[in-house]
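To start, the structure under review is shown below, and the notes come after it.
The values are calculated or read from the model by the stated rules, or taken from the named source; none is laboratory data. Only a predicted model underlies this, so the values are computations on that prediction, with no experimental measurement involved. Here Cβ is always computed from backbone atoms with ideal geometry, including for glycine, and neighbour counts include all displayed protein chains. Side chains are part of the model used for accessible areas, which takes the heavy atoms of the whole protein and leaves out ligands, DNA and RNA. Shrake-Rupley method; radii C 1.70, N 1.55, O 1.52, S 1.80 Å.
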Amino acid sequence: MAKSADHFKDVISHAKEYGFVVPSSEIYDGLSAVYDYGQNGAELKNNIRWYWWKAMVQLNENIVGIDAAILMHPTTWKASGHVDAFNDPLIDNKDSKKRYRADVLIEDHVAKIEAKIEKEVQKAQKRFGEAFDKEQFITTNPRVVEYREKAEAAIKRMARSLENEDLEDVKKLIEELEIACPISGSRNWTDVKQFNLMFGTKLGASAESATDLFLRPETAQGIFVNFLNVQKSGRLKIPFGIAQVGKAFRNEIVARQFIFRMREFEQMEMQFFIRPGSQKEWYEYWKEKRMQWHLSLGLGEENYRFHDHEKLAHYADAASDIEFKFPFGFKELEGIHSRTDFDLGSHEKFSGKKLQYFDPELNESYVPYVVETSIGLDRMFLAVFSNALQEEELENGSKRTVLKVPAFLAPVKAAILPLVKKDGLPEIGHTLVDELKCHFNVHYDEKDAVGRRYRRQDAIGTPFCVTVDHQTLDDQTVTIRERDSMEQSRVAISEVADILKKDVDMAGWLAHL
Ligand code: GAP
């Protein structure tokens, strides 16, 4: 399986060419960091969404799902802390006039140091072979130790300065680390300023009476404000969770890297309500559970890692990211946050309504603590899509582009291909489509040579191609060609549905969670 040096460019152009993702309102030259999903993208995205939803809501008796509105009472965002604290530190380069997130500049600098450490490790590994002890090497090799100390010191100082709102020191750190603008190459920086990421909008018909609102920057608050409604109507006992999938909006300072950082995106979030004092245990539980979900997709264990936060959001007492190896390196894919009783406690204060739970076992009422799992659906899409896109050299020297997404996530599960457009083969093909289409998404394709049709299906990740040929007329058998191995087998047409279901049914994958 090969990925070119320019894999990320390939990902973006393949996504457009095959109807997965395109810039929004492209005929007007697009809108920065806003994207539309095409016919195949929407299917893949829906399948990821349902895999998450079913893993959360269907597999856990004590988790329910809701769908709250995007527009919420403006006090929500005062209570949640987003009006005062949902800021990113921004800095401009005076020469290129480019705007950056100051913390990202520092983190990218540290990532470069980490890459140097990795290089040293690889060199040493080659030199020492079997006898190589990585742990000993990174704790004793003077050059690596120096790199590690530099990286750690930079991250610690940044976390401290941001926590203390000491933006002057953040700028000083950028200067001391000699970080240059990637565009102009200069170190001519402005001061660091805070920038609120929420999009404002108005509710009401006239300018005088309109109320200022925000488009929600996270779906979580729709869960918190519904905590009592759901708990009471569902008669739920702690511990229990509320899950939701929906749009969120952030006016990101630097929105780049395709659908990795968007201004309009979807989140899949779950708030797990627990007894105060049990947060550590549940935080560890959900870290492991969520990693298990990711690994179940088979995208490669080596492509995931945890990154525990030094700098905590205003609501958290512990936080960790599940990072994924995107084409541009390891980056956050999902966050697991121990949010304490910050949100419910704050909504109690601002709304004047009690948001407490009576615990019959303890015979007391309390504001529950919360452990949250929060993953971007678009980011998960990018993880699956970029990992799956491969170019393969075939035995005959030709190349094929294939999207090796897990079979049950594929936009189209099977393509039905009559070998020729005559002799009754199309009719058999259509009958098979009619039989399969109630179970899963299938395509019928009779155009071009069968080899070209296979390539088209490979490019959108279709796990199976079913070919109807002249032998079918004699013995009611067809060939099934498997996407990854390209192997073909001859089976009775009556068995096709059951054979495909084994691989493409989500139920089988959920059973292994
Ligand atoms: N409720 C907690 C919360 O929103 P977050 O770390 O800000 O936490 C959670 O966001 C997840 O949402 C991230 O791990 C990422 O997958 C996704 N996400 C955040 N900002 C995003 C953006 N601008 N574009 C795409 N996905 C984003």
Once phi is turned into ³J(HN,Hα) by the Karplus curve 6.51 cos²θ - 1.76 cosθ + 1.60 with θ = phi - 60°, what whole-Hz value does each residue of region 230-239 show in order, with x for glycine and proline? 6, 4, 6, 5, x, 6, 8, 10, 5, x
Run the simple label-point estimate for S365 and K94 please: 7 Å along Cα→C-beta, distance reported in nm. 5.9 nm
Distance from the Cα centre of region 361-382 to that of region 142-200, in angstrom? 31 Å
Given labels modelled 7 Å from the Cα in the Cβ direction, how far is it in nm from Q39 to N396? 2.7 nm
FRET efficiency for D67 and R127 from the Cβ-Cβ distance with R0 = 51 Å, rounded to 0.05, comes out at 0.35
Where H73, H7 fall by accessible area, highest first, once all protein chains stay in place (1.4 Å): H73, H7
Which of the peptides 122-130, 385-393 is most tightly packed, and how do the rest follow, going by the mean number of other Cβ atoms within 10 Å of each residue? 385-393, 122-130
Summarise the accessible area of region 394-510 (1.4 Å probe, protein heavy atoms) by the percent that is carbon and sulfur. 50 percent
Ignoring ligands, DNA and RNA, what accessible area per residue does the chain give at 1.4 Å, in Å²? 50 Å²
What list of ³J(HN,Hα) couplings, whole Hz, do you get for region 401-409 from phi and the Karplus terms 6.51, -1.76, 1.60, once you set θ to phi - 60° and write x for glycine and proline? 9, 9, 9, 8, 6, x, 3, 6, 8
Calculated from backbone phi, Karplus (6.51, -1.76, 1.60) coupling profile of region 374-390 in Hz, x at Gly/Pro: 9, 10, x, 5, 5, 5, 5, 4, 5, 4, 5, 5, 5, 5, 7, 6, 9
In region 96-196 the accessible area split gives carbon plus sulfur, as whole percent at 1.4 Å, a share of 47 percent
What percentage of all Cα-Cα pairs in region 394-510 are separated by more than 22 Å? 28 percent
On the full set of protein chains, 1.4 Å probe, figure out the accessible area of L312 and give it in Å² to the nearest 10. 60 Å²
Excluding ligands and nucleic acids, what accessible area in Å² is computed for H82 using a 1.4 Å probe, to the nearest 10? 0 Å²
Under 27 Å between C-alpha atoms, the lysine pairs in region 394-510 lying 8 or more places apart or on different chains count 21
Run down the lysines and flag those whose C-alpha is under 30 Å from the C-alpha of K172, throwing out any fewer than 8 positions away in its chain. K94, K97, K98, K112, K116, K119, K150, K156, K193, K311, K331
Kindly rank 152-159, 411-418, 260-267 from highest to lowest mean number of other beta carbons found within 10 Å of each residue. 411-418, 260-267, 152-159
Output the 0 to 90 degree angle, nearest 10, between the alpha-carbon long axis of helix 425-436 and the longest principal axis computed from the alpha carbons of the chain. 40 degrees
In terms of modelled amide H atoms, which long-range or inter-chain residues lie less than 5 Å from the amide H of N441? K413
Output for region 426-513: GluC sites (Glu not before Pro) sitting in coil per DSSP, at most 13 other Cβ within 10 Å, listed by number, reads E487
Quick one: compute a quarter of the convex hull surface over the Cα atoms of region 96-196 and quote it in nm². 7.8 nm²
Stokes-Einstein diffusion coefficient of the chain, Kirkwood radius over Cα pairs, 37 °C, 0.692 mPa s, in µm²/s: 126 µm²/s
Among the aspartates and glutamates, which have Cα under 16 Å from the Cα of K280 when same-chain residues fewer than 8 positions away are ignored? E288, D308, D317, D321, D341, E372
